[in-house]
Amino acid sequence: MNITPADYLEGTAQGAQVWVRVTGRGNFKLGPTLKAYVISAIQRGCRRLLVDMQPCTAMDSTFMGVLAGLAMHLQTCGGTVVVVRLSAQGREALTTLGLDRLLQLSTDAEPAAPTLQRLDITPDLANAAASILAAHENLIATHPENRPRFNELVTQLKNEINRPA
């Protein structure tokens, strides 16, 4: 699983807020790193995830499903996900999947983030299908109208995961 140097995440946590900047394509390769980084920050007390999408050129459904899962997780502890500097195309993609009901979407910039550090992307090949499945189940849970879009993929992934080795 190759990750191009143009696709990466940067982040930092400070107090109750965690910042993440997505550069290049927000995709299934970056999703597990994003999830692990933010879950770790939540465990340390962060309750607000701010995602800077200005340098993001595109998002796939898995990446959007990871954002949905993080938002659902944060909601259970009184937190929020704010997506800032979002392009019109990015807003349309998130809105089409109903994530505008779960995420706070903004084309505006938030106050400047502290210095962000590039996150190490470590593809998890052993759990790739499970990660993609969980992300798409999040999309369906968030917006039931997504079921027809992703039902076949979810079924295929479940079959792959449950296939005897």
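The values are calculated or read from the model by the stated rules, or taken from the named source; none is laboratory data. The structure displayed is predicted, hence computed values, not measured ones. Using ideal geometry, Cβ is built from the backbone for each residue, glycine included, and neighbour counts are taken over all protein chains shown.
Counting only residues that are of a type in the set (D, E, K, R) and surrounded by fewer than 17 Cβ atoms within 10 Å (Cβ to Cβ), which one in the stretch 15-47 is nearest to residue 106 (Cα to Cα)?
The selected residue is 47.
Is it the case that some residue within the stretch 20-28 is under 24 Å from residue 114 (Cβ atoms), modelled with pLDDT of 95 or more and small (Gly, Ala, Ser)?
Within the stretch 20-28 (the criterion being under 24 Å from residue 114 (Cβ atoms), modelled with pLDDT of 95 or more and small (Gly, Ala, Ser)), the answer is yes, since at least one residue qualifies.
Which one of these is touching an Asp or Glu at 6+ places or on another chain (Cβ under 6 Å), in contact (Cβ under 8 Å) with a residue 40 or more places away in the chain and aliphatic (A, V, I, L, M): 97, 50, 102, 9?
On inspection, the qualifying residue turns out to be 50.
From (1) within 24 Å of residue 13 (Cα to Cα); (2) at pLDDT below 95, pick out the condition that doesn't hold for residue 128.
(1)
Applying the selection to the stretch 118-165, what residues are assigned to a helix (DSSP H, G or I), among the aliphatic types (A, V, I, L, M) and without any contact (Cβ under 8 Å) to a residue 40 or more places away in the chain?
126, 129, 130, 133, 140, 153, 154, 157, 161
Yes or no: residue 76 loosely packed, with under 15 Cβ neighbours inside 10 Å, closer than 25 Å to residue 44 by Cα, more than 14 Å from the chain's Cα centre (by Cα) and touching a residue at least 12 places away in the same chain (Cβ under 8 Å)? Break it down into steps so the answer makes sense when it comes.
Numbers: loosely packed, with under 15 Cβ neighbours inside 10 Å: yes; closer than 25 Å to residue 44 by Cα: yes; more than 14 Å from the chain's Cα centre (by Cα): yes; touching a residue at least 12 places away in the same chain (Cβ under 8 Å): no.
Criteria not met by residue 76.
Being among the aliphatic types (A, V, I, L, M) and exposed (fewer than 13 other Cβ atoms within 10 Å of the Cβ) is the filter; apply it to the stretch 119-165 and report the residue that is farthest from residue 6 (Cα to Cα).
Taking the stretch 119-165 first, the residues among the aliphatic types (A, V, I, L, M) are 119, 121, 125-126, 128-130, 132-135, 139-141, 153-154, 157, 161, 165.
Now drop any that are not exposed (fewer than 13 other Cβ atoms within 10 Å of the Cβ), which leaves 125-126, 161, 165.
On the way: 125: 20, 126: 24, 161: 30, 165: 35 Å.
Once the filter is applied, the top-ranked residue is 165.
Going by what's in this entry, would residue 82 be described as at pLDDT 95 or above, crowded, with 20+ Cβ neighbours inside 10 Å and part of a strand (DSSP E or B)?
Criteria not met by residue 82.
Return the total of residues in the stretch 1-59 being over 16 Å from the mean Cα position of the chain (by Cα) and among the aliphatic types (A, V, I, L, M).
5
Residue under question is residue 92, and the condition is that it be surrounded by fewer than 22 Cβ atoms within 10 Å (Cβ to Cβ), over 24 Å from residue 121 (Cα atoms) and touching a Phe, Trp or Tyr at 6+ places or on another chain (Cβ under 9 Å); does it hold?
On the way: surrounded by fewer than 22 Cβ atoms within 10 Å (Cβ to Cβ): yes; over 24 Å from residue 121 (Cα atoms): yes; touching a Phe, Trp or Tyr at 6+ places or on another chain (Cβ under 9 Å): no.
Judged against the criteria, residue 92 is not a match.
Among residues belonging to the stretch 1-15 that are at pLDDT below 95 and of a type in the set (A, V, I, L, M), point out the one that is nearest to residue 58 (Cα to Cα).
Once the filter is applied, the top-ranked residue is 6.
Which members of the stretch 94-112 meet the condition of being among the hydrophobic types (A, V, I, L, M, F, W, C) and either closer than 19 Å to residue 134 by Cβ or in a loop (DSSP other than H, G, I, E, B) (or both)? Quick ask: steps written out before the conclusion?
The initial filter retains those residues of the stretch 94-112 that are among the hydrophobic types (A, V, I, L, M, F, W, C), namely 94, 97, 99, 102-103, 105, 109, 112.
The answer is 94, 97, 99, 102, 103, 109, 112.
Touching a strand residue (DSSP E or B) at 6+ places or on another chain (Cβ under 9 Å) and either in contact (Cβ under 8 Å) with a residue 60 or more places away in the chain or assigned to a helix (DSSP H, G or I) (or both): is that true of residue 115 in this structure?
yes
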